[in-house]
Amino acid sequence: MTEHIRVLIVDDQRLLCEGFRKLIELEPNLEVVGMAGDGEEALATAELLVAEQRAPHVVLMDVRMPQMDGIAATRAFKERWPEMRVVFLTTFDDRKLIQAGLQAGASGYVLKDITAEQLATTIRGVAQGQVLLHPEVASEVFASFIESAETAPAAPAPSGAGALAQLTEREREILALLARGASNREMSEALYIAGGTVKNHLSNILGKLGVRDRTQAALKARELGLL
């Protein structure tokens, strides 16, 4: 993405919002277009920004907030503006929160002790369509998948194999790249196919796997063992 990446910061701690704003605006091509203290205010702010044709590309979202928490807000954002990317910013590394956030449609999940460089990298990556997780958060996610696999009843097992069997060889390649965080452009370059072809394959993959977005597809790919 060559244009400025517009960012909306949502956190009930005003001082923290200001701190992140200053860090982000030190980076080239990153612009903070708004700040909000809870999910309801974030939705209202986003509405105004969309009307002004300054819609945020990335929303940095705290998880635990008054009025409307980050998970409920993310669901609402993805319903209204599917193209907006949400990254959770939190001090918590609770597995249930992580899973709920990713299932709600978040494209990333980082802890608040992240460095300025890591934050900028995350924003840019997510804006390009990648799914990015802080290393500590990723370990929690993978641990949850392992536990789920160990405790799941035997009967549902064929459903995973069945879902994978529906995919063509090319779709499996694209899904594996998606699970590794590759953007559409990176997939196009790696597989020597046009960007439009990548988009078509991704649309087919979402339909076949019964998921609604790239984040859920990436999680499904890891669950199916494509990493």
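The values are calculated or read from the model by the stated rules, or taken from the named source; none is laboratory data. Bear in mind the structure is a predicted one, so any value in this text is a computation, not a measurement. Backbone-built Cβ (ideal geometry, glycine too); neighbour counts: all protein chains shown.
Would you pick out the residues in the stretch 1-53 that are surrounded by 16 or more Cβ atoms within 10 Å (Cβ to Cβ) and of a type in the set (Gly, Ala, Ser)?
GLY34, ALA36, GLY37, GLY39, ALA42, ALA46
Determine whether THR74 is in the same structural domain as GLN99 (by TED's automatic domain parsing), among the polar types (S, T, N, Q) and touching a helix residue (DSSP H, G or I) at 6+ places or on another chain (Cβ under 6 Å).
It is true that THR74 is in the same structural domain as GLN99 (by TED's automatic domain parsing), among the polar types (S, T, N, Q) and touching a helix residue (DSSP H, G or I) at 6+ places or on another chain (Cβ under 6 Å).
I'm told ASP94 meets every condition in (1) more than 19 Å from the chain's Cα centre (by Cα); (2) among the charged types (D, E, K, R); (3) at pLDDT below 90 except one. Can you identify the failing condition by its number?
(1)
Of a type outside the set (A, V, I, L, M, F, W, C), farther than 19 Å from SER107 by Cβ and in contact with a Lys or Arg (Cβ under 7 Å, 6 or more places away or on another chain) - does that describe any residue in the stretch 51-66?
Within the stretch 51-66 (the criterion being of a type outside the set (A, V, I, L, M, F, W, C), farther than 19 Å from SER107 by Cβ and in contact with a Lys or Arg (Cβ under 7 Å, 6 or more places away or on another chain)), the answer is yes, since at least one residue qualifies.
Give the residue that is surrounded by the fewest Cβ atoms within 10 Å (Cβ to Cβ), with candidates limited to residues of the stretch 63-73 that are hydrophobic (A, V, I, L, M, F, W, C) and in contact (Cβ under 8 Å) with a residue 40 or more places away in the chain.
MET65
For ARG64, are the conditions met, namely being within 27 Å of VAL211 (Cβ to Cβ) and of a type in the set (Lys, Arg)? Talk me through it step by step, then tell me what you get.
Details: within 27 Å of VAL211 (Cβ to Cβ): yes; of a type in the set (Lys, Arg): yes.
So ARG64 fits the description; yes.
Across the stretch 204-223, what is the total count of residues that are within 13 Å of LEU177 (Cα to Cα) and not hydroxyl-bearing (Ser, Thr, Tyr)?
8
Residue-by-condition table, conditions (1) assigned to a helix (DSSP H, G or I); (2) in contact (Cβ under 8 Å) with a residue 24 or more places away in the chain:
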site	(1), (2)
CYS17	yes, no
LYS22	yes, no
ALA42	yes, yes
VAL50	yes, yes
MET61	no, yes
ARG75	yes, yes
VAL86	no, yes
LEU97	yes, yes
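Somewhere in the stretch 2-11, is a residue part of a loop (DSSP other than H, G, I, E, B), in the same structural domain as LEU132 (by TED's automatic domain parsing) and more than 24 Å from GLN128 (Cβ to Cβ)?
No: the stretch 2-11 contains no residue that is part of a loop (DSSP other than H, G, I, E, B), in the same structural domain as LEU132 (by TED's automatic domain parsing) and more than 24 Å from GLN128 (Cβ to Cβ).
Can you tell me which residue among PRO56, PRO82, PRO28, PRO66 is closer than 19 Å to GLN118 by Cα, part of a loop (DSSP other than H, G, I, E, B) and in the same structural domain as GLY129 (by TED's automatic domain parsing)?
PRO28
Counting just the residues of the stretch 173-227 that are assigned to a helix (DSSP H, G or I) and among the acidic types (Asp, Glu), which one comes out modelled with the lowest pLDDT?
Taking the candidates together, the pick is GLU223.
Among GLY34, GLY19, which is farther than 27 Å from GLN216 by Cα, over 15 Å from the mean Cα position of the chain (by Cα) and modelled with pLDDT of 95 or more?
Answer to the selection: GLY34.
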